[in-house]
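Accompanying notes for the structure given below.
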Amino acid sequence: MDKKRLGELFRPYLMIAPAMAGICLFVLYPIIFLGYLSLYDYNLMNKAKSKFIGFENFAEIFSRGDFYKSLSNTVIYTAGVVVLTLLLSLVIAVWLSKKSKFNVFVQAGIFTPHVVSIVSIALVWLWMMEPNLGFLNYVLKALGLPPSQWLQSSESALMSVILVSVWQGIGYYVLIIVAALQSISPSIYEAAALDNASKLKVFWKITLPMISPQLFFILVIMTIGSFKVFDTVKVMTGGGPNNATNTLVYYIFENRTTNIGYASATGVVLMMIIALLTFVYFRLLSRRVHYQ
């Protein structure tokens with residue numbers, strides 16, 4: 001085989017080698033090592049004292065009430081963020097889909113929180129949600145409504161975190177849906193108008209199917225991201241009060257030093273939950289996605 005033929009054969013592999021090296025180093029290796037740690041009673045100070053215990057860490061996970069509390073908090077948080085963000089993004093995107101200078105300005109304003117550090121956002125919202133001097137309670141009192149304890153109460157803390165997460169991420173998804181709406185051919189709507197189709201029917205039968213790939217992408221990405229939430233909880237509540245906002249990733253963080261094997265096993269469980277949800281999404285919803 002001559003050099004030219006050999007070069008053509010190996011060139012594609014050489015081109016993807018840097019990307020594959022990054023994937024192997026930063027994705028595959030951590031996953032494999034996570035699985036390895038989950039099977040051990042691992043001693044960080046002295047590796048020689050680490051002991052293989054098999055699936056005992058997993059058995060302990062499913063026997064502890066604090067794990068189920070963290071799991072339920074994560075499920076509620078994910079459901080709240082995904083549903084609210086998807087619905088609000090769709091409504092705002094439909095409003096902003098018409099091209100105009102005003103809409104461009106509004107899109108820029110909505111997108112701004114997405115590029116701001118979540119730590120900065122969380123600190124601002126901490127002040128706004130302060131029960132005694134916070135801006136939100138000031139507004140509620142001005143409107144004659146009872147104030148809320150926001151992050152200080154176990155009944156409202158998780159919903160407050162959901163509110164901040166929705167506000168911070170909604171701009172990114174609005175822009176995705178706006179781009180999808182603007183890519184729909186006007187001739188399709190003209191044909192629907194000739195058939196005297198109502199606006200609701202046009203939206204349900206034409207607009208939603210045409211932007212379904214983007215909505216499906218948003219659904220999957222938001223679900224994965226919401227299950228991995230950490231920074232917002234860490235800055236705003238620290239998992240409290242009374243573990244009301246303790247999510248799975250923060251639960252892993254809390255166990256990282258006292259029992260790294262248990263924390264690794266919890267990470268494996270979280271990974272399997274996300275993989276299962278993604279599989280269910282693709283299994284149930286992918287056939288309903290209309291690709292142009």
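Observations, loosely collected:
- Considering only residues in segment 110-129 that are over 25 Å from A93 (Cβ atoms) and in contact (Cβ under 8 Å) with a residue 12 or more places away in the chain, the one that is farthest from the chain's Cα centre (by Cα) turns out to be M129.
- Candidates V166, V124 - the one that is exposed (fewer than 15 other Cβ atoms within 10 Å of the Cβ) and of a type in the set (A, V, I, L, M): V124
- Residues in segment 48-79 that are of a type outside the set (K, R), open to solvent by 60 Å² or more (accessible area, probe 1.4 Å) and over 25 Å from F227 (Cα atoms): A48, F52.
- Residue ID - nearest to F282 (Cα to Cα), chosen from residues in segment 170-212 that are assigned to a helix (DSSP H, G or I) and charged (D, E, K, R): K205
- Residue within segment 225-237 that is closer than 30 Å to I184 by Cα and either of a type in the set (S, T, Y) or at pLDDT 90 or above (or both) present: yes
- Residues of segment 22-47 that are open to solvent by 70 Å² or more (accessible area, probe 1.4 Å) and under 10 Å from S264 (Cβ atoms): F33, Y36.
- In a residue-by-residue description of segment 217-239, the property of being assigned to a helix (DSSP H, G or I) and over 30 Å from K69 (Cβ atoms) applies to at least one position.
- Selection count where residues are open to solvent by 70 Å² or more (accessible area, probe 1.4 Å) and part of a helix (DSSP H, G or I), scope segment 140-163: 5
- Annotation for segment 27-39: at least one member residue is in contact (Cβ under 8 Å) with a residue 12 or more places away in the chain, in a loop (DSSP other than H, G, I, E, B) and either closer than 19 Å to N255 by Cα or touching a Pro at 6+ places or on another chain (Cβ under 6 Å) (or both).
- Sole exception among (1) open to solvent by 20 Å² or more (accessible area, probe 1.4 Å); (2) more than 30 Å from S50 (Cα to Cα) for M222, by number: (1)
- Verdict on Y291 being more than 22 Å from W150 (Cβ to Cβ), at pLDDT below 95 and not in a loop (DSSP other than H, G, I, E, B): no
- Some residue of segment 20-43 being over 31 Å from the mean Cα position of the chain (by Cα) and among the aliphatic types (A, V, I, L, M): no
- Considering (1) more than 27 Å from F216 (Cα to Cα); (2) without any contact (Cβ under 8 Å) to a residue 24 or more places away in the chain, the lone condition that Y42 does not fulfil carries the number (2).
- For segment 44-62, residues that are under 28 Å from the mean Cα position of the chain (by Cα) and in a loop (DSSP other than H, G, I, E, B) total 1.
Matching residues to (1) touching a residue at least 40 places away in the same chain (Cβ under 8 Å); (2) in contact with a Cys (Cβ under 6 Å, 6 or more places away or on another chain); (3) open to solvent by less than 40 Å² (accessible area, probe 1.4 Å); (4) on the phi > 0 side of the Ramachandran plot:
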{"residue": "V202", "(1), (2), (3), (4)": "no, no, yes, no"}
{"residue": "V233", "(1), (2), (3), (4)": "yes, no, yes, no"}
{"residue": "L248", "(1), (2), (3), (4)": "yes, no, yes, no"}
{"residue": "R256", "(1), (2), (3), (4)": "no, no, no, no"}
{"residue": "M272", "(1), (2), (3), (4)": "no, no, no, no"}
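The values are calculated or read from the model by the stated rules, or taken from the named source; none is laboratory data. Just so it is clear, the model here is predicted, and its values are computed rather than measured. Note: ideal-geometry Cβ built from the backbone for every residue, glycine included; neighbour counts use all protein chains shown. The area values use the complete protein model at the heavy-atom level, side chains included, leaving out ligands, DNA and RNA. Shrake-Rupley method; radii C 1.70, N 1.55, O 1.52, S 1.80 Å.
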